[in-house]
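Here is the structure we will look at.
Rule-based calculations on the coordinates, nothing more; no lab input. All values derive from a computational prediction rather than experimental measurement. Cβ placement follows ideal geometry from the backbone for every residue including glycine, while neighbour counts extend to all protein chains displayed.
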Amino acid sequence: MSEDRLRLDKWLWCARFYRSRDLARAACESGRLRINGFRVEKAGREVKPGDVLTLPQRGEPAVVRVLSGAKRRGTATEARQLYEIVADAEAP
């Protein structure tokens, strides 16, 4: 696996979308997340820069673009540099 490719559950945890890796894994396995429009059911699915993720956040779908992988879970400022919010995405 290259440095920029990372398991989805680990990336979500490093990007601070979930408090623990176990919560991130459970979210992946719930089937409510999508990568590039395709439903995800496995936490081991790889994400890479350029992928677009759709995930539930506070009852609303959040759409983010992956900018890079993470070597470790850092501060919130470092986590914010891993993704960008896709502003033009509106839930139907």
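Things to note:
- Taking other C-beta atoms within 10 angstrom as a stand-in for reagent exposure, 77, 54 fall in the order 77, 54, fewest first.
- For the pair residue 85 and residue 36, the difference between a 0.36 nm per residue extended length and the Cα-Cα distance amounts to 16.2 nm.
- Residues 18, 83, arranged from fewest to most other Cβ atoms within 10 angstrom of their Cβ, appear as 18, 83.
- Relative contact order, whole percent, for segment 6-85 stands at 29, derived from Cα pairs under 8 Å and 6 or more residues apart.
- Set against the labelled values (i) 28; (ii) 17; (iii) 49, percent of Cα pairs over 22 Å apart computed from this structure falls on (ii).
- When the helices of the chain are scored as -39500 (n - 2.57) per DSSP H run of n ≥ 4 and the total is divided over every residue, the value at 222 nm lands at -5500 deg cm²/dmol.
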